[in-house]
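The values are calculated or read from the model by the stated rules, or taken from the named source; none is laboratory data. It should be emphasised that the depicted structure is a prediction, and the values quoted were computed from it without experimental measurement. Positions of Cβ are backbone-derived with ideal geometry, glycine not excepted, and every protein chain shown enters the neighbour counts. Quick note on the areas: whole protein, heavy atoms, side chains included, nothing else; ligands and nucleic acids left out. Shrake-Rupley method; radii C 1.70, N 1.55, O 1.52, S 1.80 Å.
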Amino acid sequence: MAVVLVGAQWGDEGKGKMTDFLAEKADVVVRYQGGSNAGHTVVVAGKTHKLHLIPSGILAGKISVIGNGVVVDPGQMLREIAGLELAGCDPSLVKLSDIAHVIMPYHHRLDSLEEVGRGDRKIGTTQRGIGPAYMDKAARSGIRVVDLLNPALFREKVAYQLTQVNHLLERVYDSEGFDPDQMADEYLEHAEGLAPHVCDTSVLINDALDEGKKVLFEGAQGTMLDVDHGTYPYVTSSHPTAGGACIGTGVGPTKIRKVIGVAKAYTSRVGDGPMPSELHGDMGELLRERGAEYGTTTGRPRRVGWLDTVILRYSVRVSGLAGLCITKLDTLSGLETIKVATAYRHEGERVAEYPHDLGVFGECEPEYVELPGWSEDITGVRSHSDLPAAAQDYLAAIEEMAGAPVYMISVGPGREQTIEVQGVFE
Ligand code: GDP
Ligand code: IMO
Ligand code: MG
């Protein structure tokens, strides 16, 4: 049985934590898009783990697959595996698709140079080479893991690519070119480390499903960062939405049983682009500090705001969400009232659906409802019925406004600080 977990907002919803919780019941956990732009924090028995490329299922001792839709930085992957091994994880559980694309040093460089070139239209990327790697994939000039495992072919591809890339770097960006032999030597050394993990991961996942095993797809980023469905151009270059799970793994849509969206009980965004419910004043500062809203990958302060249910409804629609996991409910404890955006206003008109025109979206003012808060510390609560009545009402209001039931509630970063309302694998 396959279940997909997607970010329902702008990323950092707590997908890593929820994946780790659900991984205990799964057999295989799969990343299907993005790369080391992701930062998934998982806290197990008081110890914090930060994962960028390896699926969070590794901490629960499950087969952890990096699917073909992921763009892989070999050095980063090997460093992460080494760190996980030190933390007691079994590296042989990590599987890497032979047709995943490889992030090359020039992708990192171009990511930075393109951002500088954008000036005040910059995207605020994580500078991990993601955009340029997906550009090469779409342009059919990418280098895949299977190429990396063939030294002669790899050297030839690197040399050819660098004739193009060095031209661009030197003539357009006035930057230094790369030496093909040095680059090939460095990457071929990485290749030896990667080789034992490489396989046809589509076969692995489909065989697991045919044997009745439980497969959990761990989304990175979120709906509003999807290159098609997000706030383009302020997006990443992959498909975090549910459809991406099929393309990014070689598993057909008929095999997916359920799609669950992970959403914070409020909103955060890191990087540039519009966010209608953003809070700028003291309340924003309060939520940022209480929620420790600083990026896992870049350390940047995250922008924070009230929950936006226009965005949640949109996520329910574009990913066909069966339900939601609401995380960081504990961060809202102690507020007298809590606002929730239910629609927007633009030039005097009510806007009920996410508008595709970014100019319009950027000018939308949220229409809020104000709900009563609760004062109790809820970090130790382990059942829905033990939550304060106002917290239960807040969750019921989200269900109503988003149009999807709550499957899970998170009341703290720890694995155990999780309330399961409905079983995701049932
Ligand atoms: P991801 O990218 O979606 O996996 O999310 P991140 O790991 O980047 O950011 C979520 C942050 O919130 C991490 O630091 C988590 O440890 C933390 N977190 C997750 N769930 C909860 C929760 O319910 N309460 C609190 N206080 N922190 C949480
Ligand atoms: P997780 O998986 C939050 C944002 C960047 C930038 C935009 C494009 O931890 O939720 P990129 O480097 O992908 O080209 O940057 O996307 N971004 C994320 N924001 N969480 C993430 O991942 C993100 N990955 C990328 O800040 O705005
Ligand atoms: Mg994150």
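Extension gain, Lys255 to Ala352, is 31.7 nm, computed as 0.36 nm per intervening residue step minus the present C-alpha separation. Between region 186-251 and region 370-392, the C-alpha centres lie 36 angstrom from each other.
Straight-line cross-link partners of Lys328 among the lysines, defined as a Cα under 29 Å from its Cα and at least 8 positions apart when in the same chain: Lys15, Lys17, Lys25, Lys47, Lys50, Lys62, Lys214, Lys258, Lys264, Lys339. With a simple spin-label model that places each label point 7 Å from the Cα along the Cα-to-Cβ direction, the separation between Gln392 and Arg118 comes to 4.6 nm. Multiplying the residue separation of Arg171 and Ala87 by 0.36 nm and subtracting their alpha-carbon distance yields 25.7 nm. Estimated at 0.36 nm per residue, the fully extended path between Glu363 and Cys199 surpasses their Cα-Cα distance by 54.3 nm. Here region 101-195 has 50 percent of its accessible surface on carbon and sulfur atoms, given a 1.4 Å probe and all protein chains in place.
Averaged over its residues, the chain has an accessible area of 40 Å² per residue, based on protein heavy atoms and a 1.4 Å probe.
GNM remark for the chain: springs join alpha carbons under 10 Å apart, and the peak mean-square fluctuation among Ser385, Ser333, Ser410 falls on Ser385. Under a 5 Å amide H cut-off, with hydrogens placed 1.01 Å from N, Leu371 pairs with Ile338, Lys339, Val340 among residues at least 5 apart or on other chains. Here the peptides 375-383, 359-367, 99-107 are ranked by packing, the mean other Cβ count within 10 Å, and the order with the highest first is 99-107, 359-367, 375-383. Amide H to amide H distances under 5 Å link Val351 with Tyr344, Arg345, His346, where only residues 5 or more positions off or on other chains count and H is placed in the peptide plane.
Site pair Ser383 and Ala152 shows an inter-label distance of 6.8 nm when each label is modelled 7 Å from Cα along Cα→Cβ. For Phe217, nonlocal amide neighbours, meaning residues 5 or more places apart or on other chains whose placed amide H falls under 5 Å from its own, are Val3, Val4, Leu5, Val30.
Using a Förster distance of 30 angstrom, determine the FRET efficiency expected from the C-beta separation of His280 and Ser375, and round it to 0.05. So the FRET efficiency works out to roughly 0.75.
Accessible area of Arg144 (1.4 Å probe, protein heavy atoms only, ligands and nucleic acids ignored): about 90 Å².
Per-residue 3J(HN,Hα) values for region 405-417, derived from phi via the Karplus relation 6.51 cos²θ - 1.76 cosθ + 1.60 with θ = phi - 60°, read x, 8, 8, 8, 10, 10, 10, x, x, x, 3, 6, 8 Hz in sequence order (x marks Gly and Pro). Protection proxy ranking of 303-310, 16-23, 336-343, by the mean of other Cβ atoms within 10 Å over each peptide's residues and highest first, is 16-23, 303-310, 336-343.
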